[in-house]
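Could you have a look at this structure, given as structure tokens, before my questions?
The values are calculated or read from the model by the stated rules, or taken from the named source; none is laboratory data. The model shown is predicted, which means the values in this text are computed figures rather than measured ones. Backbone-built Cβ (ideal geometry, glycine too); neighbour counts: all protein chains shown. SASA here: full protein model, heavy atoms, side chains in, ligands and nucleic acids out. Shrake-Rupley method; radii C 1.70, N 1.55, O 1.52, S 1.80 Å.
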Amino acid sequence: MSEFKSGFFVGGESCNGRVLVVDDEPDIRKVVRMTLQKGGYDVLEAENGEKAIEAINSGENRLLLDVIICDIRMPKVNGIEAIAYFRQNYPRVPLIVLTGFPDTDMATSLLRQGVVDYLVKPVEGEKLKASVARAMEQRELAHL
């Protein structure tokens, strides 16, 4: 199967897609960003759900995203609230949970609600890239 290429062009180069990383830990955002950039993705960051919602809705054109990676425990708008907002307003954008506090019941509930993957920190780079690739694939299948 060929690798999906988004229609985005970043810095004159095509990229695999645009990912929004929502996490209150700057070090986690940095590692995720660097891992995904090496994988050919354009990565945007937000430090909590409130900032993510502001970023996605700012300007005249809503931000185009291919995947959202979201932490659960964050100040202001937490991950559960942010995920509910994204599911309601951006139902075609796949969501991946990345949390440092695994909870089996919460994972089951979120996966039943349509979250693509539930990853636990620290996550291996290859596992993260595979999860994002799977989410991109699922998004493309939803468009068919």
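At pLDDT 95 or above, open to solvent by 40 Å² or more (accessible area, probe 1.4 Å) and of a type in the set (Val, Ile, Thr): which single residue out of Val31, Val21 fits that description?
Working: Val21 fails: open to solvent by 40 Å² or more (accessible area, probe 1.4 Å).
Just one listed residue meets the conditions, Val31.
Right, another one. May I ask you to list pairs of residues, at least six apart or on different chains, whose Cβ atoms are under 6 Å apart, with the first in segment 32-52 being over 11 Å from Val21 (Cβ atoms) and touching a residue at least 40 places away in the same chain (Cβ under 8 Å) and the second being open to solvent by 30 Å² or more (accessible area, probe 1.4 Å) and among the charged types (D, E, K, R)?
Gly39/Lys129
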